[in-house]
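I have placed the structure first, in the form of structure tokens, so that the comments after it can refer back to it.
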Amino acid sequence: MAKKLEGCPCVGATLDKLVQPAVLAILAEGIEHGYAIVRKLGLLRLSACGKPDAAGVYKALKAMQGRGLVASAWDAPEAGPARRRFRLTATGRQCLARWQATLEGYRGGIDELLGMVSRAACGSRAASVRGRKSKAIGSASGGGKPACCAKP
């Protein structure tokens, strides 16, 4: 990967805007400790590295609690450290329903954007191939288009 792109959002290191609906959905299934929320977020494809930033998740939980979307209480077991347990509030459940509608609306736009990006990326590769006067790719896919743009 080009050094210039290491910190760029295009590497997919995190989709931080999706942490809130993911946390709300996790808590809709039941009360959870913070570490369990982080672990479950890691199972979703919201981060290229697969492991969410725990500090960022706790920061999001605190902000969500401040907005009344989640509530928390300390769980002090007889053995081991005290842990904060989070639960979804009624306002959080309403927010989750709104997120569902929002995400469904975005789905079509993301599909359109992905198509546009794919066409543009294939166009860039096609121009690059033509610039090098490579005949192998053009003849393999038919019509001078790179293989990624060829229709099966």
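Residue selection: Gln100 fails the criterion of being of a type in the set (S, T, N, Q), at pLDDT 95 or above and either within 16 Å of Ala22 (Cβ to Cβ) or assigned to a helix (DSSP H, G or I) (or both).
Evaluate the range 55-66: report whether one residue or more is exposed (fewer than 14 other Cβ atoms within 10 Å of the Cβ), in contact (Cβ under 8 Å) with a residue 24 or more places away in the chain, closer than 13 Å to Gly92 by Cα and over 19 Å from the mean Cα position of the chain (by Cα). Checked against the condition, which is being exposed (fewer than 14 other Cβ atoms within 10 Å of the Cβ), in contact (Cβ under 8 Å) with a residue 24 or more places away in the chain, closer than 13 Å to Gly92 by Cα and over 19 Å from the mean Cα position of the chain (by Cα), the range 55-66 yields no hits at all. Set side by side, the residues Gly42, Gly66, Gly109, Gly105 differ, and just one is closer than 17 Å to Ile26 by Cα and at pLDDT 85 or above, which is Gly42. Of the residues Ala63, Ala79, only one is part of a helix (DSSP H, G or I), of a type outside the set (D, E, K, R) and out of contact with any strand residue (DSSP E or B) (no Cβ under 8 Å at 6 or more places or on another chain); which? Answer to the selection: Ala63.
Within the range 39-55, the set of residues being farther than 18 Å from Trp99 by Cβ and out of contact with any Phe, Trp or Tyr (no Cβ under 8 Å at 6 or more places or on another chain) comprises Arg39, Gly42, Leu43, Ser47, Ala48, Cys49, Gly50, Lys51, Asp53, Ala55. Might you check whether a residue that is more than 15 Å from the chain's Cα centre (by Cα), part of a strand (DSSP E or B) and touching a residue at least 40 places away in the same chain (Cβ under 8 Å) occurs anywhere in the range 35-54? No, every residue in the range 35-54 fails to be more than 15 Å from the chain's Cα centre (by Cα), part of a strand (DSSP E or B) and touching a residue at least 40 places away in the same chain (Cβ under 8 Å).
The values are calculated or read from the model by the stated rules, or taken from the named source; none is laboratory data. From a predicted model like this one, the values you see are computed outputs, not experimental measurements. Here the Cβ is made from the backbone with ideal geometry for all residues, glycine too, and neighbour counts use every protein chain on show.
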